[in-house]
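Visitor: Just passing along the structure, written as structure tokens.
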Amino acid sequence: MSSTPWRTHMCGDARPEHVGETMVLAGWAARRRDHGGLVFVDLRDRSGVTQLVINPELAPEAAARAHQVRNEFVLRAEGTLVARSPETVNPNMPTGDVELQVGTLDVVSRSTPLPFQLDEENVDETLRLRYRWLDLRRNKLQRNIGLRAQMVGIIRREMEAAGFLDIQTPILFKPTPEGARDFVVPSRLQPGRFYALPQSPQILKQLTIVAGFDRYYQIAICFRDEDLRADRVQEITQLDVEMAFPDQELLFDVMERMYARIWRECLGVEIETPFPRMTFAESDRRFGTDKPDTRFGLELEDATDLTRGSQFGVFAGAEAVRFLRVPQELSRGDLARLEELAQQWGAKGLAYLVYDEEGEVRSPIAKFLSEAELARFRGEPASTVLFAADTWEATSRVLGALRSHLGRELGLIDDNAFTFLWIYDFPMFERDEEAGRWTAVHHPFTRPTDEWRERFHEEPAHALAHAYDLVVNGNELGGGSFRIHEPELQARVFELLGLGEEEQRAKFGFLLDALAMGAPPHGGIALGIDRMVMVLAGEPNLRDVIAFPKNQAGVDPMSGAPSEVTQEQLDELGLRLVGAARSAPPSPREPAARITRPDEPTPPEPGEPPKAQPVGEPEAPVGPTTQESS
Ligand code: ASP
């Protein structure tokens, strides 16, 4: 580190070879121990901690100041680095062999009493977010955010080395179809009109390729107004990539090289490349999911053919009968708990066969099963067979989730392993039964595989897309696809998704125009940065890999965002708040403000009977829905 008047070294630098040197350190008081005479202060900065020792006989003025020091005061200490006496050496600290014998101590800045101590466990998350600057000083968060920066640095270097250009795309844009709700921003200059924050730069990145930039990348923020769950945020950061004249091998290779380097440089772990690949159909069949955790086996088996004519009515009547062989004789209590979970995932019940140590079967359903069935299911002594009998989709969902649960519960997972995997050949469409139409599984710009190019409309349920996802340890890191570059093909896909010509023009006219002016074949991928850091850091809390996250209600307890705006701002925008939003300060759990124009009828006061006429804008027409893919 280059020396400044504030400090000559970082707090984590002090080592025995510096003993005898004059050192100036600056940082935060992490801990102070006042022994009446000697005062010890652990001084911390980003690099680590060095113990300061202040001896009133050697430095009376410094000692007087040291008595006033409290946790998180900012100090500057000048002194001589000395070796600790053998009995005070701390082998748990990198700087534990030495301490700074302080001559001069300056209290640079003070701190009010702290809302929580940095080493306190289980601090309420809202309190942590309210005082995020303090929370971020903790070791874990310093590590996570540092790891994130290191990772992004590697990503940029790798992408640039592979010839990708960093191109920024606008934040104020038009709705982009990634399947979530849009965040909208009212326009003052175009009253009554709204921008939408991009759910991804999908169309824009395609246009950079049409524009001849050949290889695009961006660390992009994507805005999705979703109900927040533990693994969801509204501002997703992703590595967004697109290339002209795409080659899947090349794209996968660039990504694999990037991951290998991230893992090597950030964790010192060598990951094996190329990553294995599996079709969606195989993954669904073997693991019941499109993001399998392949760190352990426990694969699903299919007995549908065998059980067609079963005496056991539940099996005979089901579209699919699939099962898991669990290498443990589960108790009644275990089974009851698993059944409860299975029901939460949509199962009606959980049939089972338990084999005891002697290999004897114990099960209420055994008496209904034929010799052939029993022979097929027969497990090792001390094992359990768990069944799902339902639609194929439901058996995947239930057994896939049971498998993940059991993998963790039974300790089948090697926590130090990283199993990366490409999943490809995804279905192109899925049926939205409620809306009675097809939706794109990835997004509507994804191209069908060559095999389905001309006939996807004949069997939309079976058509495959040239789309792929990257999965690690059961987490989807992201995905991408090859795109449609032919305007006619794009129009045909829109049509299947229920978009009439007029709607196509209104929503995507500019894309169709661009595709009609010399669009090269192109394709790309988007990979979630937040998720990557979580896996890299082994951090289960998504918010702990983001410097300033919002809480699960979409609120930033630190700044109070989202906050009210002044009447003047509303007037300028030509907006008026109605209903609950008008009277009460917005609380995170209250319904969002509805936005109406000032010329619309006034809504009733609270307590007043509602008037007959409708209030507010009609619902916006619903565009093609896609499944969120990152
Ligand atoms: N735009 C897609 C997403 O955000 C990714 C892609 O197709 O490149 O999930």
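Visitor: Return the FRET efficiency for the residue pair residue 281, residue 548: r is the Cβ-Cβ distance, R0 is 45 Å, and the value is rounded to the nearest 0.05. Can you show the working numbers first?
Guide: Working: r = 41 Å, r/R0 = 0.92.
The pair residue 281/residue 548 has a calculated efficiency of 0.60.
Visitor: For the range 16-109, state the semi-axes of the equivalent ellipsoid (square roots of 5 times the eigenvalues of the alpha-carbon gyration tensor), sorted largest first and rounded to whole angstrom.
Guide: On the way: eigenvalues 67, 43, 33 Å².
Working through the eigenvalues yields semi-axes of 18, 15, 13 Å.
Visitor: Can you work out D for the chain in µm² s⁻¹ from Stokes-Einstein, where Rh is the Kirkwood radius over C-alpha pairs, the temperature is 37 °C and the viscosity is 0.692 mPa s? Don't skip to the answer; put the middle values down first.
Guide: Numbers: Rh = 29.1 Å.
Here the translational diffusion coefficient equals 113 µm²/s.
Visitor: Something else about it: Can you give the Rg/Rh ratio of the range 31-185, where Rg is from the C-alpha atoms and Rh is the Kirkwood radius?
Guide: Working: Rg = 22.7 Å, Rh = 19.6 Å.
Ratio of gyration radius to Kirkwood radius: 1.16.
Visitor: Figure the gain on full extension for residue 340 and residue 109 (residue separation times 0.36 nm, minus the Cα-Cα span) and round it to one decimal in nm. Spell out each step's value before the answer.
Guide: Values: separation 231, 0.36 × 231 = 83.16 nm, distance 5.53 nm.
Length difference between fully extended and current span is 77.6 nm.
Visitor: Between residue 462 and residue 165, take the C-beta separation as r, use R0 = 45 Å, and let me know the FRET efficiency to the nearest 0.05. Mind showing how you got there, number by number?
Guide: Numbers: r = 38 Å, r/R0 = 0.84.
That pair, residue 462 with residue 165, gives E of 0.75.
Visitor: Report the relative contact order of the chain, percent, no decimals, based on alpha-carbon pairs under 8 angstrom and at least 6 residues apart.
Guide: Values: 1188 pairs, mean separation 76.4, N = 630.
Averaging sequence separation for qualifying contacts and normalising by length gives 12 percent for the chain.
Visitor: Here's another thing I want to ask about it. Among 532, 333, 471, whose Cα lies farthest out toward the positive end of the dipole of the chain, if unit charges sit on the beta carbon of Lys, Arg (+1) and Asp, Glu (-1)?
Guide: 532
Visitor: Also, quick follow-up: How charged is the neighbourhood of residue 94? Take every other residue with its Cβ under 10 Å from the Cβ of residue 94, and add Lys/Arg as +1 and Asp/Glu as -1. Let's see the in-between values first.
Guide: Numbers: positive: 15; negative: 13, 97.
For residues surrounding residue 94, the net value is -1.
Visitor: Between residue 10 and residue 414, take the C-beta separation as r, use R0 = 41 Å, and let me know the FRET efficiency to the nearest 0.05.
Guide: Numbers: r = 36 Å, r/R0 = 0.87.
The calculated FRET efficiency here is 0.70.
Visitor: Could you check the simple spin-label distance between residue 405 and residue 124, using points 7 Å along Cα→Cβ, in nm with one decimal?
Guide: About 3.1 nm, to one decimal.
Visitor: A further question on this structure: So how long is each side of the range 296-409 along the principal axes, counting just the alpha-carbon atoms, biggest first, in Å?
Guide: 35, 34, 24
Visitor: For the range 16-109, what does the relative contact order come out to in percent, with C-alpha contacts under 8 Å and a separation of six or more? Don't skip to the end; give the middle numbers.
Guide: Values: 215 pairs, mean separation 31.8, N = 94.
Once divided by the residue count of the range 16-109, the mean separation gives 34 percent.
Visitor: Pop out the ³J(HN,Hα) list for the range 374-383 in order, Karplus 6.51 cos²θ - 1.76 cosθ + 1.60 with θ = phi - 60°, rounded to Hz; leave Gly and Pro as x.
Guide: Listing the rounded values in order: 4, 5, 5, 8, 3, x, 4, x, 6, 8 Hz.
Visitor: Right, next: Spin-label point model (7 Å from Cα, Cβ direction): what's the residue 375 to residue 568 distance in nm?
Guide: 8.7 nm
Visitor: Which value in nm describes the separation of the simple spin-label points at residue 488 and residue 184, placed 7 Å from the Cα toward the beta carbon?
Guide: Taking the two extended label points, one gets 3.7 nm.
Visitor: Rounded to two decimals, what is Rg over Rh for the range 343-384 when you use alpha-carbon atoms and the Kirkwood radius? Write down the numbers at each step before the final one.
Guide: Values: Rg = 11.6 Å, Rh = 11.2 Å.
Looking at the range 343-384, the ratio lands at 1.04.
Visitor: Please report, in cubic angstrom per residue, the volume enclosed by the convex hull of the alpha-carbon atoms of the range 515-586.
Guide: Working: hull volume 15.1 nm³, N = 72.
Roughly 210 Å³ of hull volume per residue.
Visitor: Right, something else. How much mean residue ellipticity at 222 nm does the chain get from its helices, if each DSSP H run of length 4 or more adds -39500 (n - 2.57) and you divide by all residues, to the nearest 500 deg cm²/dmol? Working shown, then result.
Guide: Values: 17 runs with 165 residues, N = 630.
Theoretical 222 nm ellipticity from helices: -7500 deg cm²/dmol.
Visitor: I would also like to ask the following. Taking the Cα of residue 269, stepping 7 Å toward and past its beta carbon, and measuring to each backbone N in the range 473-488: which are under 11 Å?
Guide: 473
Throughout, read-outs are computed from the coordinates displayed, never taken from laboratory work. Keep in mind that what you see is a predicted model, and the values were worked out from it rather than measured. Neighbour counts are summed over all protein chains in view; Cβ atoms, including those assigned to glycine, are modelled from backbone coordinates with ideal geometry.
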